[in-house]
Each structure stands twice: as structure tokens, then as C-alpha cells.
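Reviewing the structure listed below.
Any read-out appearing in this document is the output of simple, stated calculations on the displayed coordinates, not a laboratory observation. Just so we're clear, the structure is a prediction, and the values are computed from it rather than from any experiment. We place every Cβ from the backbone using ideal geometry, glycine too, and count neighbours over all the protein chains shown.
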Amino acid sequence: MKKPKIYDNYPLWIVILANILMLAVYVAGAYIMFALSIITGFLYVAYLVILELYFLKEGCIHCCYFGKLCAFGKGAVAAMFFKEGDPEKFCERELGFKDFIPQVLVVLIPLIVGTAILISRGFNLLILIAMIYPVFSWFAVNPFLYGKLACLHCKQGSICCPALKFFIKEKGGNKEE
Ligand code: SF4
């Protein structure tokens, strides 16, 4: 079987598409949280910003794409805010379910709030769409995004990646491909 191409810098179209798909989840969540109140909306956006900065600081600075375009362009963004880290540290971490809780909350909190809004204020199509899209994204978009566009062509993934290792283990595999 033909080996997938490994990118030094991902093509711009992948970076743009990956960001649109990822930001759509954030926008949907923010829409619901702002529908509840301005304060919860701003708190949610602050949470997203802190989360993204955390990923940049704890992951991206140690990634081989630091200063370059990974599938999400975050290597280039990390270089704007932080100094280059230690590539060894990227591989050191063992990820478990608890490490994914912050990302699950990005979807779960708006889902709970959206349900409460629909029950208390009545049916609202936009709220319903904003609730459905992140769940759809989680189960249908992410496997395509990571499986076909990002991880398949990732140089860091071919070296070592704790997230990839975690998902392969969960699927019953035992080695990084
Ligand atoms: S293998 Fe996938 S999850 Fe790991 S660094 Fe590359 S794109 Fe990110």
C-alpha cells in the first residue's frame, strides 16, 4: 500500500479547513453560552482561550512543528507567543481519559446549558443546531479530520505522539503506525 505523504509544513487548505471545522465547535458552544447570558458567554470564551494557550504551552512548543504549519497551524502560532521547548517532553506524557476532560467540557457544558434553555424557554432551532453540531463533529468530523487530514500525514505522529498512542490503544491496537 502507498505510504501517506508526511508534511514538513501542511498545505494551507488543510490548515484553513481544520481551523474552520474546529472553530465551528467553539462558535456553536459560545452561541449557546451567550444565549444564556453575556457573563456565561464571556466565561466560556475565556475558558477556550486559556485551554488553547495551555495546549500551545504544554504541547505545541515541544512539537517538531514548532514554528511551522502543523495541520492546525498551531506550531506557527506557538512560536509567536512562546519559546521553543524540548522535543523529548512531547513524547514523555502518557495520556489517559482524564486528560481529555477539558476538551469534553467544551462540548458538554453548552450541551447541558442548551438543553436547559430549550426546556425553560421553548424550542429554538439555532440553539438545537448549535447543540447538535459539536456532537456530530466529535463523532463524524473528527475521525475524518484527524484520521485522514492531520495524523495520517504528521511528522510528529511518525516520531511519537501521546494522543495518537492513546487512541490506538483505545481502538485495540498496540503500536503507532
Ligand atoms: S499525530 Fe495527530 S494528534 Fe499527534 S501531533 Fe500529529 S496531528 Fe497532533
| said: Take Lys5 and Val27, extend 7 Å from each Cα along the Cα→Cβ direction, and tell me the distance between the two endpoints in nm. | reply: 2.8 nm
| Additional length obtainable on full extension of the chain from Ile38 to Val77, 0.36 nm per residue less Cα span | 11.2 nm
| Protection proxy ranking of 136-146, 28-38 - average other beta-carbon atoms within 10 Å, highest first | 28-38, 136-146
| request: Could you sort 117-125, 53-61 so that the peptide with the highest average Cβ count within 10 Å comes first and the rest follow in order? | output: 53-61, 117-125
| field | Local net charge near Ile61, Cβ-Cβ under 12 Å (Lys/Arg +1, Asp/Glu -1) | value | +1
| Using a 4.7 Å Cβ cut-off, which Cys residues in the chain lack a partner cysteine? | Cys60, Cys63, Cys64, Cys70, Cys151, Cys154, Cys161
| For Leu105 and Glu84, what does the FRET efficiency come to when R0 = 45 Å and r is the distance between their Cβ atoms, rounded to the nearest 0.05? | 0.95
| Debye intensity ratio I(q)/I(0), log10, region 37-177, q values 0.18 Å⁻¹ (C-alpha model) | -1.16
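Given the pairs Lys2/Lys57; Lys2/Lys98; Lys98/Lys155; Lys68/Lys98; Lys2/Lys83, which span a C-alpha to C-alpha distance of over 31 angstrom in this model?
Lys2/Lys57; Lys2/Lys98; Lys2/Lys83
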| Given q = 0.14, 0.30 Å⁻¹, what are the Debye log10 I(q)/I(0) values for region 113-161, with equal point scatterers placed on the Cα positions and solvent ignored? | -0.52, -1.00
| message | Suppose each label sits 7 Å from its Cα in the direction of the beta carbon; what would the Ile119-Ala140 distance come out to in nanometres? | response | 2.6 nm
| request: Please list the helices of the chain that count as membrane-span-like by this rule: a mean Kyte-Doolittle hydropathy of at least 1.0 together with Cα atoms stretching 24 Å or more along the helix axis, each helix being a complete DSSP H run. | output: 12-36, 38-58, 101-121
| task | Once you have a ≥ b ≥ c as the square roots of the Cα gyration tensor eigenvalues for region 1-82, tell me rounded if a/c is under 1.5, and otherwise prolate or oblate according to whether a/b is larger than b/c. | result | oblate
